[in-house]
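Only one structure is covered here, and it is reproduced in the block below.
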Amino acid sequence: MRRGAFIDHVAWTGLGIAYTLSPAGVMTGRALAEGMSNDTIAFVQISDSHIGFHQAANPDVEATLTASVDAINALPQQPAFVVHTGDITHLSSAEQFDRAHSLLGKLRAPLIALPGEHDVLGNDFKPYLSNFKIPNATDAGWASWENGGVHFVAILNVFSFEKMGLLGNDQLAWLERDLAPLPKSRPIVVFTHVPLYALYPDWGWTTEDGSKALALLQRFDRVTVLNGHIHQVITHEEGNIRFASAAATAYPQPKPGTAAKPGPVTLPHDDLLRAIGYRTVQLATGNDARIVDRALG
Ligand SMILES: [Zn+2]
Ligand SMILES: [Zn+2]
């Protein structure tokens, strides 16, 4: 990858990338803490595929999801899992869920898929749950699991969706019980669709009761919260909690406050491919997550 492109795509990394210029002039990126620990888990995040969307911003969302799936399948080391952080479909129709199920079924790694508000139109979770329910999830759909010494939590914040995210008291009570037995040193990774913090409330890019979840996460040394919904990479930190919104596989949205309202942004095709893609995440014991956003173009 060209140096400029590589730096563009490293949106945020907790442990940093060291650049070295070899005698041959080839730029390579290397994690600073590489080699410090063998206990590393790697996974991939994709988001906002909007299968069924046919507008000018991306007339072929199936092709760009397929390109993402192919790129992930071609990674030299397969991730432990691929998480899709929601808006799998555009309008929750049975046909769209069918297509999405078949396209995502081509992933070599196990898939964990959260719903976005586009997947539960009319607050009906049944079509989502019958296609993509997370393994070992509660009946309502949220879940947690351990992998590689990391505690992963998938929380759903598209209940009764009108403008912003909502977790609800049942899920918050479950989260409190789920986190209670964990030591503060346990790395925590949280997946959601809508940002948990007030990223841009004017556009609903926040979760009404998200601060209650963040209060439960504050005591841990290392928390990473990864979400979708806003169709662009934006990072943020609050204490020990690091947030990273992901790009879509479908189309970008405007930067906060740069348009009258959020919505699909139409770009020339090459620029579209530079604005969408997938994200690789690596966690090594004792280090922050290393997050690399990889554009399709
Ligand atoms: Zn979306
Ligand atoms: Zn959304």
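What percent does the relative contact order of the chain come to when contacts are Cα pairs within less than 8 Å and at least six residues apart? About 21 percent, as a whole number. Every helix of 4 or more DSSP H residues in the chain counts as -39500 (n - 2.57), and over all residues that averages to -6000 deg cm²/dmol at 222 nm. In terms of its Cα atoms, the chain spans 60, 49, 37 Å along the principal axes, sorted from long to short. Rounded to the nearest whole Hz, the Karplus-based 3J(HN,Hα) values (6.51 cos²θ - 1.76 cosθ + 1.60, θ = phi - 60°) of region 95-110 follow the sequence 5, 5, 5, 4, 4, 4, 4, 6, 5, 6, x, 7, 5, 6, 7, x, with x at glycine and proline. Bridgeable lysines around Lys255 (alpha carbons under 23 Å apart, same-chain partners fewer than 8 residues away excluded): Lys163. Judged by the gyration tensor of its Cα atoms, with axes a ≥ b ≥ c, region 205-248 is oblate; a/c meets the 1.5 cut and b/c is at least as large as a/b. Distant-in-sequence amide contacts of Val83, defined by a placed amide H-H separation under 5 Å and a gap of 5 or more residues or a different chain, comprise Val44, Gln45, Ile46, Ile112.
Does region 212-297 come out rounded, prolate or oblate, given a ≥ b ≥ c as the square roots of the eigenvalues of its C-alpha gyration tensor, rounded meaning a/c under 1.5 and, failing that, prolate meaning a/b above b/c? Spell out each step's value before the answer.
Numbers: a/c = 3.57, a/b = 1.67, b/c = 2.14.
It is oblate, given that a/c is not under 1.5 and a/b is not larger than b/c.
Rounded if a/c is under 1.5, else prolate if a/b beats b/c, else oblate: with a ≥ b ≥ c from the C-alpha gyration tensor eigenvalues square-rooted, which is region 97-187? In terms of gyration-tensor shape, oblate. The phi-based Karplus calculation (6.51 cos²θ - 1.76 cosθ + 1.60; θ = phi - 60°) puts the 3J(HN,Hα) values of region 54-59 at 10, 7, 4, 4, 6, x Hz, whole numbers, x for Gly and Pro. Taking amide H atoms as placed 1.01 Å from N in the peptide plane, the amide H of Leu107 has no partner under 5 Å among residues 5 or more positions away or on other chains.
May I ask for the distance between the Cα centers of region 40-100 and region 244-284, given as a whole number of Å? Answer, in whole Å: 13. Other residues lying with their Cβ under 15 Å from the Cβ of Phe243 contribute a combined charge of -1, Lys and Arg counting +1, Asp and Glu -1. Under the criterion of Cα pairs below 8 Å and six or more residues apart, the relative contact order for region 222-278 equals 31 percent.
Comparing Gln218, Gln253, Gln45 in a Gaussian network model of the chain where C-alpha atoms under 10 Å apart are linked, the largest mean-square fluctuation is found at Gln218.
Every read-out reported here was derived from the displayed coordinates using simple, explicitly stated rules and does not represent laboratory data. Computed from a prediction, not measured in an experiment: that's the story for all the values here. Note that each Cβ is placed from the backbone with ideal geometry, even for glycine, and that neighbours are counted across all protein chains shown.
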